[in-house]
1. Residue by residue through segment B:53-65, note down the ones that are touching a helix residue (DSSP H, G or I) at 6+ places or on another chain (Cβ under 9 Å) and either within 9 Å of chain A (Cβ to nearest Cβ) or among the basic types (Lys, Arg) (or both).
2. Pick out the one residue from B:Leu43, B:Leu90 that is touching a Gly at 6+ places or on another chain (Cβ under 6 Å) and buried (at least 19 other Cβ atoms within 10 Å of the Cβ).
3. Is it the case that segment B:9-17 has a residue that's within 12 Å of another protein chain (Cβ to nearest Cβ), under 30 Å from A:Ser9 (Cα atoms) and not in a strand (DSSP E or B)?
4. Restricting to strands (runs of 3 or more DSSP E) lying wholly in segment A:11-111: which have 2 or more residues that are away from chain B (no Cβ under 14 Å) and surrounded by 15 or more Cβ atoms within 10 Å (Cβ to Cβ)?
5. I'm trying to understand the selection: among the residues of segment B:19-40, which are open to solvent by 30 Å² or more (accessible area, probe 1.4 Å), touching a residue at least 60 places away in the same chain (Cβ under 8 Å) and farther than 19 Å from B:Lys57 by Cβ?
6. Of a type in the set (Ser, Thr, Tyr) and without any contact (Cβ under 8 Å) to a residue 24 or more places away in the chain - does that describe any residue in segment B:55-66?
7. Inside segment B:93-112, can you point out the residues that are within 7 Å of chain A (Cβ to nearest Cβ) and open to solvent by 60 Å² or more (accessible area, probe 1.4 Å)?
8. Tell me yes or no: at least one residue of segment B:1-17 is open to solvent by 50 Å² or more (accessible area, probe 1.4 Å), modelled with pLDDT under 95 and not charged (D, E, K, R).
Amino acid sequence: GENVEQHPSTLSVQEGDSAVIKCTYSDSASNYFPWYKQELGKGPQLIIDIRSNVGEKKDQRIAVTLNKTAKHFSLHITETQPEDSAVYFCAASKNTDKLIFGTGTRLQVFP
Amino acid sequence: KAGVTQTPRYLIKTRGQQVTLSCSPISGHRSVSWYQQTPGQGLQFLFEYFSETQRNKGNFPGRFSGRQFSNSRSEMNVSTLELGDSALYLCASSAGHGNTIYFGEGSWLTVV
């Protein structure tokens with residue numbers, strides 16, 4: 001069935017360093033790949049998304065890359081700050097009908 | 001512009017009872033979907049509604065049901081609650097096929 005694997009499950013970085021989270025999806029028909037940030041006690045907040053007709057997208061310190069052949073997509077956060085600390089989820093879907101989520105990455109940024 | 005609004009935010013129910021959760025989507029959004037989040041199973045899709053019709057359904061028992069009203073507001077109902085139904089229930093909305101999905105803050109359900 002549909003599946004999204006996400007690694008690593010936890011990631012600790014020093015403030016100012018970069019963080020990379022990787023996801024692999026199983027359904028080759030997936031064409032939409034959002035990333036969400038979830039802080040304690042809150043709902044997931046969309047931080048960036050990419051569609052299958054684009055290989056890379058950037059928004060300030062955040063970028064996402066997509067490799068359709070390998071069915072991989074990654075989140076890159078540069079110049080990390082303590083407020084980036086949260087749980088990050090990747091997801092995949094076909095036409096945004098139903099999101100299949102990864103298992104989450106807990107990012108800790110130490111000052 | 002207001003985001004996705006869910007009520008109630010927190011509730012405690014007893015095993016065997018039923019619960020109804022409410023969701024108001026972002027203005028203009030006609031698609032509403034529901035997800036269950038637990039530490040063990042993560043984020044799992046429950047169902048999605050568009051223009052009052054259920055378009056997609058996840059792998060949950062029939063005790064989980066939902067509906068959407070003509071103003072796009074949605075409710076989900078869980079009957080005969082079990083301890084394992086304790087979770088954060090998240091509502092999300094979008095303008096429809098191919099559009100970005102935005103989540104609400106969720107309803108925390110505890111079953112005792």
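1. Let us first name the residues in segment B:53-65 that are touching a helix residue (DSSP H, G or I) at 6+ places or on another chain (Cβ under 9 Å), namely B:63-64.
Passing the criteria: only B:Arg63.
2. Numbers: B:Leu43 fails: touching a Gly at 6+ places or on another chain (Cβ under 6 Å).
Of B:Leu43, B:Leu90, the one residue that is touching a Gly at 6+ places or on another chain (Cβ under 6 Å) and buried (at least 19 other Cβ atoms within 10 Å of the Cβ) is B:Leu90.
3. yes
4. Of the strands (runs of 3 or more DSSP E) lying wholly inside segment A:11-111, those with at least 2 residues that are away from chain B (no Cβ under 14 Å) and surrounded by 15 or more Cβ atoms within 10 Å (Cβ to Cβ) span A:19-25, A:62-67, A:72-77, A:105-110.
5. B:Gly28, the sole residue that qualifies.
6. Yes.
7. B:His97, B:Asn99, B:Tyr102, B:Glu105
8. Within segment B:1-17 (the criterion being open to solvent by 50 Å² or more (accessible area, probe 1.4 Å), modelled with pLDDT under 95 and not charged (D, E, K, R)), the answer is yes, since at least one residue qualifies.
The values are calculated or read from the model by the stated rules, or taken from the named source; none is laboratory data. If you're wondering where the values come from, they're calculated on a predicted model, not measured in any experiment. Neighbour counts run over all protein chains shown; Cβ positions are idealised from the backbone, glycine included. Remember, those area values only see protein heavy atoms, side chains included, never the ligands or the DNA or RNA. Shrake-Rupley method; radii C 1.70, N 1.55, O 1.52, S 1.80 Å.
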